[in-house]
Amino acid sequence: MVAAMRLGEDDAHAVSIAADIAERTGRSVRRASVYMTLQRLEEKGFLSTALGESRPERGGKPRRLVTPTRAGLAAVRTTMAGILAMTRGVKI
Amino acid sequence: MSAPRWATSLIRRLATHDPAEADVLVGDLEEAHQARVDRHNPVMAIALTTLEALDIAFMLVRRRLRARAPRVPSFSWLDVKVGLRMLVRYPVLTLVGTGSLALAIALGASAFAFITLMLWPRLPLPDGDRIVVVGFHDDVSNQPESRVVADFVRWRDGTGTLTDFAAGRSQGRNLTMGDGLIEPVVVAEVTPSAFPMTRVSPIVGRVLNDADAAVAAPPVMLLGEHLWRERFDAASGIVGRNLMLGDIPTTVIGIMPEGYRFPSNYEIWQPLKLDAMAAPRTGAPIRMFARLRPGVTSAQANAELAVLSGEAAVDWPATHAHLKAALGPVASSLVRDPAERMALASLNGAACLLVLLVSGNVALLMFARAATRESEIVVRAALGASRARLIAQFVAEALVLNALAAAVGLWLAQRTIEWGVMTFARVAMDGELLPFWVTPSLPPISIAYGVGLALLATTTTGVLPAMKMTRGVSSRLRQTSAGGGGLKFGGVWTLLIVGQIALTVYTPSMVFVLRRDMRLEANERIGVPAEQILTARLGIGNGMTRAQFEAAIDRVRDDMAAAPGTAGVTIADKLPLMWNGYYRVLVDDGGAAPPNPDHGNAYPINTAAVDAGFFSAFDAPPLAGRLLTSADYIGVPHTVVVNQSFVDRVLGGRNPIGRRIRYVRAGNDGQRPPDATVQPWLEIVGVVRDLAMVSPTSPNGGGVYLPLHLDGLGGAGALNSVMIAARVSGEMIIATNVLRSITGNADETLRLSDVQPLSRVRANGVQTLSYIARLFSILSGSALVLALSGIYAVMSFAVSRRTREIGIRVALGSRPSRLVFTILWRPLMQMAMGIAVGGALTFLWADDLGLSAAFLAVTAGYLLVMIFVCLLACIAPARRAMRVDPIAALRND
């Protein structure tokens, strides 16, 4: 969700999200896992998806762009607030 | 440089359900591959892309499997609305389906309620499960002990696990009712603590208190609501009035609420005046009750009682060394034999099977209805409805139907349980009040059971047709028109229809037999007007000695014989038209009929023990020999009188006088015949006409009359009750009152019950047979309706499935008769098979029961009616088939 928010609605799709996670966390992530996660988030209403334009580097195939929904943004905010509240004052 | 072609092909092949999704996945693979080519060498890029493609392919396979896995269907209000609309749109199915399921659910729920009441009764009192009986048992004599007044006094203030101790016993009394009649009643003498223990308050007046239980206290009593309403017209001023209980004026102090008959079936309560100084194991026999303290289990209370028993044994070693106390339930089951309990409990399985059978039938109808909506299903699938969603809709429709059936069925079950309990009370308990925990209402657990049966039926009527209808829906979607997917009724449906028709053919024979038995029972005559003979049972009362009982019986007989309008009085252990037991005898020189090896070469007969006035009371002079005289009543019986059936069936018409018989098996009721091992043969001294000794529906070989001995002389035990019969010439009600009065005067503790004209003796049996016959009629009718609707469903289905074929045949010039035969072939075969099986069963059974030619003729006529009705069910679909327009039928092609 956070990767999708950072990449923005024009660039957030499975390949870029997987690359962003790998770059920022230093940990590679299987794209199949990204597909499954995005599908579940969409089923829960946290994300919406739409087909983008065809691009030559993709062999003329479109991308499925993902956009966080309001519910998704609220869920991220709640989760972040929870983590901050739980970690406040804790030396990590 | 592109990603490997086989990798993109693999992904495309696995993502066929969504071409756009396949494009996205392949595009992602290409994009990632390009990035790898830029970052690594081409070989490494191909290797990594290959691994990734395999990973994505695996993910797609998992997704597919997840999509195919059955899901719990979710319902919406729209599904329910569609279900309601379907009920209105298909009224015949609604009527037949709801009616059949309601009947099955009613039978299942009421059977469950009845079985629960009989096997696992519960006290209908506040926290009734916590009330227990404290029973005592002597380990040495292996006998229960009820002389426990000293133990009650010792424990009545409570123990560590038990509280609210109470004691009680029953006493027979005669009560002068509101209409002036004196009737025998059983009084519960209880300690005043019984009322706080049961936590029930009176509706009028007050309960007993300690002052009432004082030795010198004036006599008081509480009445039950039923007795107050039925015999005192619910008189408001009854509290404070004195009623004659026996010969003692007793003040009514209160009325207990309806349904309260603690500890069993009592309607009058008096204080139990205990002797607090009674020595151990002396005094009046009592039952001890208590309530478990909160949080205490029966096991803990039993453990404490074991310790307390041990302490009592130390304190009273002479009487309590082997006496052990233990808890027991107040509400005990009326059915105690383990085999009978098992048999009764297994009826639940039969009820479930019935529901499954009926719901299978309704599923057949639902399937036929669904078949007519195949196009709708295919279109919905085309619009994106998943299989689970389609199934959910079918289940919702079935749920609506079954909910309606459950509501009707539970209402019917309530009526059935009321009838069942009342019939049981009348037939099994001779009209006596049942224990108060046997209530004629459907308990919550039975309602839950009925709802469970409805859900079971929903599974069958909803899921099965839905699974069958939605199987291969996508392949049907690809075809040019709906209906080419090969839907058809399988062998199971055929078997179901054949079984139903067979059952429909078979059940009327049972109804016929029951009705014939009913007529025989109702019409049996004894040679004198049975409605002019007053009968009653006289029983030994509490505290009566044998001498008092016999003296009271003699006095009642003499006083009744001397009463005006009485032509003859007799005392016997069994009367004509009653069940006269099942006995077996040997004949000294053998009988005429071939002896039955199953009976040990003996002859089955009936037996009654009668006094010397029996035959004159029933106007039965000797046909041969003589009647029993006073000399025959001296000492051990050695003579008998037989009836004409005995002469005809056992002796083959030979002269019976002087022949001898010996009992080898005795019945359980009444006076036992002389024991064959120690007694001589019994000589036949006379013959009388048949006096309806046993039900005409199960005739034994004949009847034998023994001299009556109240003390059981020559038999195994003394009689505790006998029947009295009096021929009266006036009004029966006057004679009834005379008998009640005479009984009360003879001995106030003598118990009088079952007072009725002899013509009423068989009424209960006849009424029960009538109920059973009616039940079979309903079942038979239901089976017929279901079978016909099944045939109709098959026909409608066949016509709707073969519309195109019919159109082509008509277009090609097929003859109408040929066409009709082609369509009717399958249901006709099912009908023929069902009738053949049912007919064969009926005729085989007819032979066993010796049914008459008239019955067989009636059955043959019924079979013809069945065939006609089945053909009737075929007419509408056949006419529809004949009207198929070839052009319209072929338009889809």
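The values are calculated or read from the model by the stated rules, or taken from the named source; none is laboratory data. As the structure is a computational prediction, the values presented were derived from the model and not from experiment. Glycine also receives a Cβ, built like all others from the backbone with ideal geometry; neighbour counts cover every protein chain displayed.
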In region B:667-697, which residues are of a type in the set (A, V, I, L, M), at pLDDT below 70 and under 30 Å from the mean Cα position of the chain (by Cα)?
B:694
Failed item, numbered, when residue B:197 is tested on (1) touching a Gly at 6+ places or on another chain (Cβ under 8 Å); (2) surrounded by 13 or more Cβ atoms within 10 Å (Cβ to Cβ); (3) over 13 Å from residue B:254 (Cα atoms)
(1)
Restricting the search to region A:3-16, which residues are in contact with a Lys or Arg (Cβ under 9 Å, 6 or more places away or on another chain), more than 8 Å from chain B (Cβ to nearest Cβ) and either touching a residue at least 60 places away in the same chain (Cβ under 8 Å) or not charged (D, E, K, R) (or both)?
A:3, A:12, A:16
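Answer with yes or no whether residue B:29 is at pLDDT 85 or above and surrounded by 15 or more Cβ atoms within 10 Å (Cβ to Cβ).
On the way: at pLDDT 85 or above: yes; surrounded by 15 or more Cβ atoms within 10 Å (Cβ to Cβ): yes.
For residue B:29, the condition - at pLDDT 85 or above and surrounded by 15 or more Cβ atoms within 10 Å (Cβ to Cβ) - is met.
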Quick one: would you say residue B:341 is closer than 19 Å to residue B:163 by Cβ, of a type outside the set (Ser, Thr, Tyr) and touching a Ser or Thr at 6+ places or on another chain (Cβ under 8 Å)?
no
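Yes/no per residue for (1) more than 34 Å from the chain's Cα centre (by Cα); (2) surrounded by fewer than 16 Cβ atoms within 10 Å (Cβ to Cβ):
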| position | (1), (2) |
| --- | --- |
| B:165 | yes, no |
| B:171 | no, no |
| B:177 | yes, no |
| B:180 | yes, yes |
| B:186 | no, no |
| B:193 | yes, no |
| B:203 | no, yes |
| B:229 | no, yes |
So in region B:546-584, with the set limited to residues that are within 40 Å of the chain's Cα centre (by Cα) and polar (S, T, N, Q), which one is farthest from residue B:186 (Cα to Cα)?
B:580
State whether the residues of region B:235-253 include one that is of a type in the set (S, T, N, Q) and part of a helix (DSSP H, G or I).
yes
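Can you tell me which residue within region B:243-261, out of those that are touching a strand residue (DSSP E or B) at 6+ places or on another chain (Cβ under 7 Å) and not hydrophobic (A, V, I, L, M, F, W, C), is surrounded by the fewest Cβ atoms within 10 Å (Cβ to Cβ)?
Going through the qualifying residues, I end up with B:249.
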Members of region B:310-342 that are farther than 13 Å from residue B:137 by Cα and in contact (Cβ under 8 Å) with a residue 40 or more places away in the chain:
B:312, B:316, B:329, B:330, B:331, B:332, B:333, B:334, B:335, B:341
Tally of residues being in a helix (DSSP H, G or I), surrounded by 10 or more Cβ atoms within 10 Å (Cβ to Cβ) and among the small types (Gly, Ala, Ser) across region A:55-92:
6
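Among the residues of region B:51-72, are any small (Gly, Ala, Ser), modelled with pLDDT under 85 and closer than 30 Å to residue B:458 by Cβ?
If we filter region B:51-72 for residues that are small (Gly, Ala, Ser), which is where we start, we get B:53, B:57, B:67, B:69.
Among the residues that remain, those that are also modelled with pLDDT under 85 are: B:67, B:69.
Then drop every residue that is not closer than 30 Å to residue B:458 by Cβ, which leaves B:67, B:69.
Looking for residues that are small (Gly, Ala, Ser), modelled with pLDDT under 85 and closer than 30 Å to residue B:458 by Cβ, one finds at least one in region B:51-72, hence yes.
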With the structure loaded, tell me whether residue B:23 is in a helix (DSSP H, G or I), more than 15 Å from residue A:31 (Cα to Cα), facing chain A (nearest Cβ under 10 Å) and at pLDDT 85 or above or whether it fails that test.
yes
May I ask you to list the residues in region A:33-49 that are more than 9 Å from chain B (Cβ to nearest Cβ), part of a helix (DSSP H, G or I) and among the hydrophobic types (A, V, I, L, M, F, W, C)?
A:34, A:38, A:41
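How many residues, within region B:724-738, are at pLDDT 90 or above and farther than 14 Å from residue B:568 by Cβ?
Of the residues in region B:724-738, the ones at pLDDT 90 or above are B:724-728.
Checking which are farther than 14 Å from residue B:568 by Cβ leaves us with none.
Residues flagged as at pLDDT 90 or above and farther than 14 Å from residue B:568 by Cβ within region B:724-738 amount to 0.
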All but one of (1) over 34 Å from the mean Cα position of the chain (by Cα); (2) modelled with pLDDT of 75 or more hold for residue B:817, so report the exception by its number.
(2)
Has region B:244-255 got any residue that is touching a helix residue (DSSP H, G or I) at 6+ places or on another chain (Cβ under 6 Å), at pLDDT 90 or above and of a type outside the set (Gly, Ala, Ser)?
yes
Scanning region B:32-52 for residues that are more than 10 Å from chain A (Cβ to nearest Cβ) and small (Gly, Ala, Ser), which turns out surrounded by the fewest Cβ atoms within 10 Å (Cβ to Cβ)?
B:47
Could you say whether any residue in region B:746-769 is surrounded by fewer than 20 Cβ atoms within 10 Å (Cβ to Cβ), charged (D, E, K, R), closer than 27 Å to residue B:96 by Cα and at pLDDT 70 or above?
no
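Quick check on residue A:52: is it within 14 Å of chain B (Cβ to nearest Cβ) and either part of a loop (DSSP other than H, G, I, E, B) or over 23 Å from residue B:55 (Cα atoms) (or both)?
Values: within 14 Å of chain B (Cβ to nearest Cβ): yes; either part of a loop (DSSP other than H, G, I, E, B) or over 23 Å from residue B:55 (Cα atoms) (or both): yes.
Spelling it out, residue A:52 is indeed within 14 Å of chain B (Cβ to nearest Cβ) and either part of a loop (DSSP other than H, G, I, E, B) or over 23 Å from residue B:55 (Cα atoms) (or both).
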